[in-house]
Amino acid sequence: MSVTKKAVEKKATRAAFGDEIVRLGESNKDIYVVDIDIGKSCKTDKFIEKFPMQHINVGIAEQNGAGIAAGLATTGKIPFISTYAVFGSLRMAEQIRQEVCYPNLNVKIACSHGGLTPGNDGGSHQAIEDMGVMRSFPNMTVIMGADYHSTRKLIAEAAAMYGPVYLRFTRDAVPMIYDENETFEIGKAKQLRDGADIAIIANGDTVRLAIEAAEQLEQNGVSVKLLDMHTIKPLDVDAVKDCLDIGRIITVEDHNILNGLGSAVAEVIAEAGKGQLARIGVQDRFGESAPYEKLLEINGITVENIIAKANKLLTN
Amino acid sequence: MFSTPLVIQVYKYMSLQEDHLGTGVWHMQQTSVEQLKQHAIELRKTAVTMVYEAQSGHPGGSLSAADVISALYFREMNVDPANPKWEDRDRFVLSKGHVAPIQYAALALRGFVSNESVYTLRQYGSPFQGHPDMKKCPGIDISTGSLGQGLSCAVGMAIAGQRDEKDYRVFAMVGDGECQEGQIWEAIQAAVKYKLDNLIVFVDNNRLQIDGFCEDVMPLLDLEKKFDAFGFDTTRIDGHSMEQIVETLDTFAKQKNGKPKCIVCDTVKGKGVSYMEDQAAWHGTAPNKEEFELAIKELEGGLPV
Ligand SMILES: Cc1ncc(C[n+]2csc(CCOP(=O)(O)OP(=O)(O)O)c2C)c(N)n1
Ligand SMILES: [Mg+2]
């Protein structure tokens with residue numbers, strides 16, 4: 001794997017959705033977008049312009065949007081519902097359960113504004129529990145890419161597989177990590193580093209923090225294994241088990257520490273009865289209006305905290 | 001232990017089943033009003049028997065829906081029991097999914113599944129789940145059970161038909177109580193926006209829900225006017241008059257004028273079984289042996305439907 005060293009260029013992963021959905025719509029007329037009056041900010045505007053006959057806007061009616069997507073899917077369409085993560089996972093949660101997951105229909109839920117990224121919008125708009133909710137539904141796949149290119153690849157993979165997928169994007173720009181040719185497989189962790197002292201498992205917009213923490217730890221002689229766990233369901237259980245010999249594991253996520261990546265990894269570790277875990281994530285509290293980076297800091301989702309947790313595990 | 005055998009059984013009977021109507025080729029549009037009334041009686045008997053056998057299920061709303069279901073399955077809908085997933089078929093969405101027994105009865109009488117198999121209703125391994133399950137039961141176009149959601153799915157199917165320039169139509173049935181769900185009105189808005197004249201919605205206006213009369217639980221006011229105000233072509237009929245149902249399907253429902261159709265059907269919950277009629281208590285209660293025998297006797301006696 002090749003981590004782009006010139007990691008200065010930044011792009012929001014919602015832009016990856018906007019670009020990839022156009023590419024998909026071009027080659028497959030069954031690809032539909034169901035918008036819920038936030039097309040512009042979810043980046044579906046190019047798709048709307050190019051493929052009006054593959055586009056539906058249901059207005060501010062999330063529940064109906066999910067049901068319509070399910071109905072479309074029964075006829076062989078591949079609808080992508082596009083909205084904000086907080087609404088896509090909660091306002092239509094029961095509809096996704098009943099009409100998408102229960103009948104296992106080929107509907108994708110593509111959500112921008114994941115985690116704390118809609119910082120200034122405040123706590124009402126920060127989706128901190130979405131992946132946990134989605135992870136609870138049988139048949140659902142739950143994904144958050146770490147950067148623009150990986151997100152595009154994962155969207156393409158999601159379109160190519162049959163079944164419900166929840167995809168979560170950032171509102172804010174995050175550094176480019178991967179180069180364009182990198183490949184990704186749903187349900188398979190991406191190993192960014194191999195190491196022997198500490199294993200860090202991160203996903204989404206926190207992967208960049210984990211990369212930086214790992215680099216600093218290495219400089220201090222700590223050997224770090226680093227995984228980008230873009231798919232939290234199905235979790236790459238083997239990849240987690242491969243960390244058990246190291247025994248000191250840190251998870252990092254822009255999500256509540258309950259029910260997200262940290263919990264999924266904890267389940268594997270607890271069942272194995274081996275290893276120690278430190279979870280970094282939103283501290284089971286609602287957010288507030290603030291810059292995204294500030295909100296991360298309040299919750300300890302920082303390079304410094306990853307390093308501190310690593311050092312603590314190493315001295316245990 | 002039932003899991004596989006039951007499913008196999010269903011398909012086996014499907015292929016072995018003789019045409020119970022003895023007509024050989026099925027000429028749907030020629031099914032007479034008299035025959036449709038007879039079928040409705042059969043559907044009612046089968047549904048009540050299913051609920052009795054299972055000692056669980058929803059007889060009241062099954063009985064109120066029976067006449068419309070009979071007209072749809074035996075005259076109106078272009079479906080193929082031998083190819084339930086045929087892509088050009090008309091769709092039926094039972095948004096009030098708890099009355100699955102009446103749809104299962106129609107699927108059996110129409111030859112999608114065997115007549116015997118439906119009595120496994122609500123048993124482990126049965127295709128006939130408590131609420132319609134498209135993964136388990138042939139002829140179910142979408143799984144339902146959570147009220148307020150099915151109509152949105154019907155809208156999605158109708159949009160797909162329109163975009164693909166297909167001729168199929170989508171029929172949906174909602175309960176009157178179900179219309180208290182906000183999502184119903186979201187779906188209605190979308191149906192009007194997208195000019196879905198391939199969508200026909202029946203409201204089973206039986207005036208009852210679980211906790212009593214809709215009027216007391218949460219008044220719906222005039223549903224005909226409400227659908228009309230939202231932009232549907234709307235009409236109101238006696239949902240137990242086969243003549244009116246057929247007439248409405250033949251004329252009103254066939255207009256290609258860019259407007260979705262709503263048929264408010266005034267019905268009686270429990271219709272055809274005297275002691276169940278207009279009784280909220282029979283919404284989701286199974287009859288005991290005596291009650292069951294009386295029900296069948298009354299239905300066979302052909303209380304005017
Ligand atoms: C979302 C949801 N809430 C509650 C229920 C429980 N429930 C089942 S049937 C019913 C009453 C339905 O009344 P109505 O729509 O009038 O149907 P009908 O009278 O034809 O039985 C209720 C509340 C449900 N199935 N779904
Ligand atoms: Mg009712």
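Taking amide H positions as placed 1.01 Å from N in the peptide plane, with prolines and chain starts having none, which residues 5 or more places from A:Ser223, or on another chain, fall under 5 Å of its amide H?
A:Ala196, A:Asp197, A:Ile198
Name the most mobile residue of B:Ser146, B:Ser117, B:Ser70, meaning the one with the largest mean-square fluctuation, in a Gaussian network model of chain B with Cα contacts below 10 Å.
Fluctuation is largest for B:Ser146.
What value in Å³ per residue do you get for the convex hull of the alpha-carbon atoms in the stretch A:171-219? Show your work: numbers first, answer last.
Details: hull volume 5.3 nm³, N = 49.
Taking only Cα atoms, the stretch A:171-219 has a hull volume of 108 Å³ per residue.
Suppose every K and R has +1 on its Cβ and every D and E has -1 on its Cβ; what is the size of the dipole of the stretch B:69-127 about the Cα centre, in Debye to the nearest 20?
Details: 7 positive and 6 negative charges, 42 e Å.
The calculated dipole for the stretch B:69-127 is roughly 200 debye.
Taking amide H positions as placed 1.01 Å from N in the peptide plane, with prolines and chain starts having none, which residues 5 or more places from B:Leu199, or on another chain, fall under 5 Å of its amide H?
Close amide H contacts, sequence-distant or interchain: B:Val170, B:Lys261.
Would you work out the Kirkwood radius for the stretch B:215-305? I mean one over the mean of 1/r across all pairs of different Cα atoms, in Å. Walk me through the intermediate numbers first.
Values: mean 1/r = 0.0642 Å⁻¹.
Over the stretch B:215-305, the inverse of the mean reciprocal pair distance is 15.6 Å.
Using alpha-carbon positions, what is the distance between the centroids of the stretch A:141-206 and the stretch B:102-178, in Å?
Going from one Cα centre to the other spans 38 Å.
What do you get for trypsin sites (Lys or Arg not before Pro) in the stretch B:128-202 restricted to DSSP loop and a cutoff of at most 12 other Cβ within 10 Å of the site's Cβ? Display every interim value, and only then the final one.
Working: sites: B:Lys135, B:Lys136, B:Arg163, B:Lys166, B:Arg169, B:Lys193, B:Lys195; in loops: B:Lys135, B:Lys136, B:Lys166, B:Arg169, B:Lys195.
Listed in order of number, the matching sites are B:Lys135.
Report for the stretch A:11-175 the percent antiparallel among DSSP-assigned beta bridges with both residues inside it, nearest 5.
Given both bridge residues lie in the stretch A:11-175, the antiparallel proportion sits at roughly 10 percent.
Given DSSP loops and a limit of at most 16 other Cβ atoms within 10 Å, what is the longest stretch of chain B that contains no such chymotrypsin sites (Phe, Trp or Tyr not before Pro)? Walk me through the numbers before you get to the answer.
Numbers: sites that count: B:Phe2, B:Trp26, B:Trp86, B:Tyr124.
After excluding every exposed loop site, the longest remaining stretch is B:125-305.
How big is the dipole moment of chain B about its Cα centre under a simple scheme where the beta carbon of each Lys and Arg is +1, that of each Asp and Glu is -1, and everything else is neutral? Debye, nearest 20, please. Don't skip to the answer; put the middle values down first.
Working: 30 positive and 42 negative charges, 160 e Å.
That gives chain B a dipole magnitude of about 760 debye.
Roughly how far apart, in whole Å, are the Cα centres of the stretch A:292-312 and the stretch B:196-264?
If we compute the Cα centre of each part, the gap is 58 Å.
Using only C-alpha atoms and all pairs of different ones, pull out the Kirkwood radius for chain A in Å with one decimal. Please list the in-between numbers first.
On the way: mean 1/r = 0.0518 Å⁻¹.
So the Kirkwood estimate lands at 19.3 Å.
Once you mark the GluC sites (Glu not before Pro) that are in a DSSP loop and have at most 16 other Cβ atoms within 10 Å, what is the longest gap between them in chain B? Walk me through the numbers on the way to the answer.
Working: sites that count: B:Glu18, B:Glu87, B:Glu116, B:Glu165.
Free of exposed loop sites, the longest segment is B:166-305.
Looking at the square roots a ≥ b ≥ c of the eigenvalues of the Cα gyration tensor of the stretch A:190-315, which shape do they give, rounded for a/c under 1.5, prolate if a/b is larger than b/c, or oblate? Each step should come with its number before you reach the end.
Details: a/c = 1.71, a/b = 1.22, b/c = 1.39.
Taking the square roots of the gyration eigenvalues as a ≥ b ≥ c, the stretch A:190-315 is oblate.
If you average the C-alpha positions of the stretch A:1-78 and of the stretch A:259-291 separately, how far apart do those two centres end up, in angstrom?
30
Can you tell me the Rg and the Dmax, both Å, for the Cα atoms in the stretch B:166-241?
That works out to 13.0, 43 Å for Rg and Dmax.
For every helix of n ≥ 4 consecutive DSSP H residues, a contribution of -39,500 (n - 2.57) applies; sum these over chain B, divide by its total residues, and give [θ] at 222 nm rounded to the nearest 500 deg cm²/dmol.
On the way: 10 runs with 118 residues, N = 305.
Only helices count here, giving -12000 deg cm²/dmol.
Summing +1 for each Lys or Arg and -1 for each Asp or Glu, what net charge is found among the other residues whose Cβ lies under 13 Å from the Cβ of B:Gln255? Could you put the intermediate results ahead of the total?
Values: positive: B:Arg169, B:Lys195, B:Lys254, B:Lys256, B:Lys259, B:Lys261; negative: B:Asp197, B:Asp233, B:Asp250.
Net charge around B:Gln255: +3.
If we count every other residue with Cβ under 9 angstrom of A:Ala310's Cβ, Lys/Arg +1 and Asp/Glu -1, where does the sum land? The partial results should precede the final answer.
Values: positive: A:Arg248, A:Lys309, A:Lys312; negative: A:Asp197.
Combined, the nearby Lys, Arg, Asp and Glu give +2.
With r as the distance between the Cβ atoms of B:Asp238 and B:Gln35 and R0 = 22 Å, compute the FRET efficiency 1/(1 + (r/R0)^6) and round to 0.05. Let's see the in-between values first.
Numbers: r = 19 Å, r/R0 = 0.87.
Here the calculated transfer efficiency is 0.70.
Taking H placed 1.01 Å from N in the peptide plane, check which residues at least 5 places from A:Ile280 or on another chain put their amide H under 5 Å from its amide H.
Close amide H contacts, sequence-distant or interchain: A:Thr251, A:Val252, A:Glu253.
With springs connecting C-alpha atoms under 10 Å apart, model chain B as a Gaussian network and identify which of B:Val93, B:Val113, B:Val192 has the largest mean-square fluctuation.
B:Val192
Provide a whole-number value for the mean count of partner chain Cβ atoms within 10 Å of the Cβ atoms in peptide B:129-137.
Values: counts 0, 0, 2, 1, 2, 5, 4, 1, 0.
Per-residue shielding by partner chains comes out at 2.
I want the antiparallel fraction of DSSP beta bridges within the protein assembly as shown, as a percent rounded to 5. Can you show the working numbers first?
On the way: 12 of 71 bridges.
DSSP beta bridges in the protein assembly as shown are roughly 15 percent antiparallel.
In the stretch A:271-304, whose amide N lies under 14 Å from the spot 7 Å out along Cα-to-Cβ of A:Asn311? List them in ranges.
Output list for this probe position: A:303-304.
Given the options B:Val51, B:His98, B:Phe128, identify the residue whose Cα lies farthest towards the positive end of the charge dipole of chain B (+1 on Cβ of Lys, Arg; -1 on Cβ of Asp, Glu).
B:Phe128
With N denoting the number of residues in the stretch B:11-300, provide Rg(C-alpha) divided by 2.2 N^0.38 Å, to two decimal places. Could the numbers behind the result be given before it?
On the way: Rg = 17.6 Å, N = 290, 2.2 N^0.38 = 19.0 Å.
Against the empirical 2.2 N^0.38 Å value, I get 0.93 for the stretch B:11-300.
I want to verify a result. In a Gaussian network model of chain A, Cα cutoff 10 Å, which of these has the top mean-square fluctuation: A:Gly195, A:Gly132, A:Gly163?
Per the Cα network of chain A with a 10 Å cutoff, A:Gly195 tops the list.
Efficiency by 1/(1 + (r/R0)^6): what FRET value for A:Glu180 and B:Trp86, r their Cβ-Cβ distance, R0 = 56 Å, to the nearest 0.05? Intermediate values should be presented prior to the final figure.
Working: r = 43 Å, r/R0 = 0.77.
Efficiency, from the Cβ-Cβ distance: 0.80.
Given Cα positions, please report Rg to Rh for the protein assembly as shown, the hydrodynamic radius being the Kirkwood one. All intermediate terms of the calculation are to be shown ahead of the outcome.
Numbers: Rg = 27.5 Å, Rh = 26.1 Å.
On the Cα set of the protein assembly as shown, Rg over Rh gives 1.05.
What does DSSP give for chain A in terms of the percent of beta bridges that are antiparallel, rounded to the nearest 5?
Details: 10 of 47 bridges.
Counting DSSP beta bridges with both partners in chain A, the antiparallel share is about 20 percent.
Does the stretch A:11-175 come out rounded, prolate or oblate by the C-alpha gyration tensor, with a ≥ b ≥ c the root eigenvalues, rounded set by a/c under 1.5 and, if not, prolate when a/b is larger than b/c and oblate if not? Write out the running numbers ahead of the final one.
Values: a/c = 1.37, a/b = 1.10, b/c = 1.24.
Taking the square roots of the gyration eigenvalues as a ≥ b ≥ c, the stretch A:11-175 is rounded.
Where a number appears in this text, it was derived from the coordinates with a stated rule and is not lab data. Bear in mind that the values here come from a model prediction, so they are computed numbers and not experimental data. Neighbour counts run over all protein chains shown; Cβ positions are idealised from the backbone, glycine included.
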